[in-house]
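Right, one structure below, let's go through it.
What follows draws every value from the coordinates through simple rules; no lab data is involved. Note that the structure is predicted; figures quoted are calculated from it, not measured. Cβ atoms come from the backbone with ideal geometry, glycine included; neighbour counts cover every protein chain shown.
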Amino acid sequence: MLNHEVNKRFKARIAGGGAMLLPGAANALAARVIEDLGYEAVYLSGAGLTNTYLGMPDLAFISLPEIAQHTATIRDATDLPIVVDADNGFGNGLNVRHTIRTLERAGASAIQLEDQKTPKRCGHFSGKEVVPLAEARSRIKAAVDARQDENTMIVARTDAAATDGMSEALDRAAAFIEDGADITFVEAPQTEDDLRSIPAALQGTPQLVNLVVGGKTPILSVDEFTEMGFSLVLYANVALQSALYGMQTALSQLKEQGQMDEDGPLAGFLERQRVVRKDLFDELDKRYAY
């Protein structure tokens, strides 16, 4: 499916109301699992990509070319809309312009930018700092101007709740909406009252809530977030954390027992081939045989 059509449908789905579960993927295999299970969209997590690709924490080690490469790989693996975490845009307004155009060409349906200083940190780490509001707004303005497809959405994230309080975070989100952001994302609210205040203060613009298992934001149900008025319920790294747990479990058993077969804690050989669509490539191989 052409990316324009994917983006158009995704934008209409967001406008249609009701909170959408948005799972994160750090690679194309995770995106294949997400699509196979019937989710509506996938999120390319900067933290997840940093953890899996580099084996490092989410402390601004990943670069734009690496994010673009993985965006394109996931776009080739799935027809789902892809929300791409572009950190703080990798610089000033000119850098943000380049970031948006690069990721849009790679297949992003929505691109997320935040207002942290460089080097940025995971939203649920301590020690974050945000740039002045004028600089943050310039990033969003540049992003809105840079997109080539009007259906490509700009997600404006603020981390100001941790540095300056919820009131400042809500003011920043409102400013980003004035600048043309399609979705706003107040990171790391710490109470249910804080959560409820976000869509209440920013009515008329879709809101994203980020739930980090083990993080700072209360874990509530999708129905509760729908009732509050959120549009996207992000679990950026559930797939990654479960994969890490699965690897630790299976490899510990292998080390202890010295062998493993398909009765072990793993997906079977045939299931692995099914998820990566080996049957499709077998058919293509036959079609192009000579």
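Structural remarks
- Full-extension gain in nm, SER63 to ARG196, via 0.36 nm per residue minus C-alpha separation: 44.5 nm
- P(r), alpha carbons of the stretch 110-206 - 5 Å bins starting at zero, rounded %: 2, 14, 27, 24, 19, 10, 3, 0
- A straight Cα-to-Cα reach below 22 Å connects LYS278 with the lysines LYS286, residues fewer than 8 places away in its own chain not being considered.
- Hydrodynamic radius of the stretch 144-263 by the Kirkwood approach over all distinct alpha-carbon pairs: 16.5 Å.
- For the cross-link pairs LYS8/LYS141; LYS11/LYS216; LYS120/LYS141; LYS216/LYS255; LYS11/LYS117, the ones whose C-alpha atoms lie over 31 Å apart are LYS216/LYS255.
- The distance linking the stretch 101-132 with the stretch 236-264 is 32 Å (Cα centroid to Cα centroid, whole angstrom).
- Each other residue within a Cβ distance under 13 Å of GLU262 adds +1 if Lys or Arg and -1 if Asp or Glu, for a net charge of -2.
- Stretch gain in nm, segment ASP279-SER126, where the contour uses 0.36 nm per residue and the Cα spacing is subtracted: 50.4 nm
- Here the contact order of the stretch 3-243, divided by its residue count and restricted to Cα pairs under 8 Å and six or more residues apart, works out to 22 percent.
- Per residue, the convex hull spanned by the Cα atoms of the chain amounts to 149 cubic angstrom.
- Working note: Karplus 6.51/-1.76/1.60 with θ = phi - 60° gives the stretch 36-46 the couplings 4, 8, x, 5, 8, 7, 9, 10, 8, 7, x Hz, where Gly and Pro are set to x.
- In a fully extended conformation the segment linking GLU262 and GLN248 would gain 3.4 nm over its present Cα-Cα distance, using 0.36 nm per residue.
- Once you reduce the stretch 13-45 and the stretch 147-205 to the center of their Cα atoms, the two points are 21 Å from each other.
- Ellipsoid semi-axes for the stretch 33-159, based on the Cα gyration tensor and the rule √(5λ), read 22, 18, 12 Å when sorted largest first.
- Axis angle, to the nearest 10 degrees, between helix 278-287 and the longest C-alpha principal axis of the chain: 70 degrees.
- Angle between the chain longest axis and helix 238-257 axis [Cα atoms, degrees, rounded to 10]: 30
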